[in-house]
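Engineer: Before I ask anything, here is the structure I am working with.
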């Protein structure tokens, strides 16, 4: 049965969602977009016109549009401050909900949404599209296959200087909230480990064009005695890293590096005599044959499949709240100057 979907929040981010929907024939056959909602009706109408969407309801009142369209699916692309009311409205109307990240603005708010999704029996998931790219899938497979032995450390560097303009430049904790969550979530996925605690230093460096928190350095303690470190800046001009960060995985047998784009290298101990044994290079396996590696399209496909088949999507909110805990824990640590326990949240 075709799902009837309403998209709420028709700003720039919504274009990525609509492009993904229109680029996938399977999604088009399974999802009918029946409504667009935005606080500014003209913005919603402009988006409909841009994508040639004519046979749908355009409005400013989410409840009214959900009722008028008899929707059973909600795509939530609103700003984080509006997320709780939008998601709860969708769930109470009987909709399965796929949200932009972050899941919520607080763990308490997130827990409330998880509880409501359970009570209503609806699928509730979050767009963490960076999980669904080839590089991340290859890292996960290498870890699963023990290519570098037992994983003991994950180290990620993220240094770019994008000039977005708009709401991002006025946000607090901009790097941690708006971008670092992608790397945090991917590190959790690649490692298969649970975050236990975090210590973070957050700054807004000289020359920053952001209002707050354009740079952060965080150390996470993970289960299995592993460590994840993150060094990042969103106001770093000059030679940049990838948007996916530059990665170094350290294991009991060797190391795996990825520049976040095309360059991978797997090295284990060599046979040279002396203090340092040198290294030997191994081949990195490809992503699994059945891996979803189309970013936004894959998140949407995974969500729609879960609704159709009654399965659990990979980015289900009950799992994604652990990535939210990493972000909010890092923000709390930066605020207090103390390490923050994120292992006992009961997720």
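Engineer: So what's the range 136-227 giving for Rg/Rh, alpha carbon basis, Kirkwood Rh from the mean inverse pair distance?
Structural biologist: Working: Rg = 15.4 Å, Rh = 14.7 Å.
Taking Rg over the Kirkwood Rh, I get 1.05.
Engineer: Let me ask you something else. Considering the chain as a Gaussian network with a 10 Å cut-off on Cα pairs, which listed residue, 82, 334, 216, attains the greatest mean-square fluctuation?
Structural biologist: Among 82, 334, 216, the largest mean-square fluctuation in the Gaussian network model of the chain belongs to 82.
Engineer: Would you mind pulling out the separation of the Cα centroids of the range 56-84 and the range 147-189, in Å?
Structural biologist: Taking the Cα centre of the range 147-189 as reference, the centre of the range 56-84 is 29 Å away.
Engineer: Also: Given a Förster distance of 41 angstrom, what is the FRET efficiency for residue 217 paired with residue 272, based on the Cβ-Cβ distance and rounded to 0.05?
Structural biologist: E between residue 217 and residue 272, to the nearest 0.05, is 0.75.
Engineer: How would 196, 147 line up from fewest to most surrounding beta-carbon atoms within 10 angstrom?
Structural biologist: 196, 147
Engineer: With both partners inside the chain, how many of the DSSP beta bridges are antiparallel, as a percent to the nearest 5?
Structural biologist: 60 percent
Engineer: I'd like the FRET efficiency for residue 85 and residue 281, computed as 1/(1 + (r/R0)^6) with the beta carbon distance as r and R0 of 45 Å, rounded to 0.05.
Structural biologist: 0.30
Engineer: Given the range 3-122, what whole percent of its Cα pairs are spread farther than 25 Å? Can you show the working numbers first?
Structural biologist: Values: 1252 of 7140 pairs.
The answer is 18 percent, as a whole percent.
Engineer: Among 309, 341, 289, 319, rank each residue by its count of other Cβ atoms within 10 Å, from fewest to most, as a rough exposure measure.
Structural biologist: By the 10 Å Cβ count, ascending, the order reads 289, 309, 341, 319.
Engineer: Give me the angle, in degrees from 0 to 90, between the Cα long axis of helix 107-120 and the longest principal axis of the Cα atoms of the chain, rounded to the nearest 10.
Structural biologist: Its long axis makes an angle of about 50 degrees.
Engineer: To the nearest 0.05, how large is the calculated FRET efficiency for residue 261 and residue 152 if R₀ is 25 Å and r is the Cβ-Cβ distance?
Structural biologist: Step by step, r from the Cβ atoms, then E = 0.50.
Engineer: Please report, largest first and rounded to whole Å, the three semi-axes of the ellipsoid equivalent to the chain, where each semi-axis is the square root of five times an eigenvalue of the C-alpha gyration tensor. It would help to have the intermediate numbers written out before the result.
Structural biologist: Details: eigenvalues 264, 103, 75 Å².
For the chain, the ellipsoid semi-axes come out as 36, 23, 19 Å.
Engineer: If you don't mind, another one. By how many degrees, 0 to 90 and rounded to 10, does the Cα axis of helix 12-23 deviate from the longest principal axis of the chain?
Structural biologist: Relative to the chain, helix 12-23 is tipped by roughly 90 degrees.
Engineer: Please give the helix 41-50 orientation as an angle from the longest Cα principal axis of the chain, in degrees from 0 to 90, rounded to the nearest 10.
Structural biologist: 70 degrees
Engineer: How would you classify the range 224-278 from its alpha-carbon gyration tensor, with a ≥ b ≥ c the square roots of the eigenvalues: rounded for a/c under 1.5, else prolate if a/b is greater than b/c, otherwise oblate?
Structural biologist: Numbers: a/c = 2.51, a/b = 1.87, b/c = 1.35.
Prolate, because a/c is 1.5 or more and a/b exceeds b/c.
Engineer: Continuing with the same structure: What is the order of 197, 206, 3, 63, fewest Cβ neighbours within 10 Å to most? Working shown, then result.
Structural biologist: Details: 197 16, 206 6, 3 19, 63 13.
Least crowded to most crowded, the residues run 206, 63, 197, 3.
Coordinate-derived values only; no laboratory data. Since the structure is predicted, the reported quantities are computational estimates derived from the model, not experimental observations. As a convention, Cβ positions derive from the backbone with ideal geometry for all residues, glycine included, and neighbour counts pool all protein chains shown.
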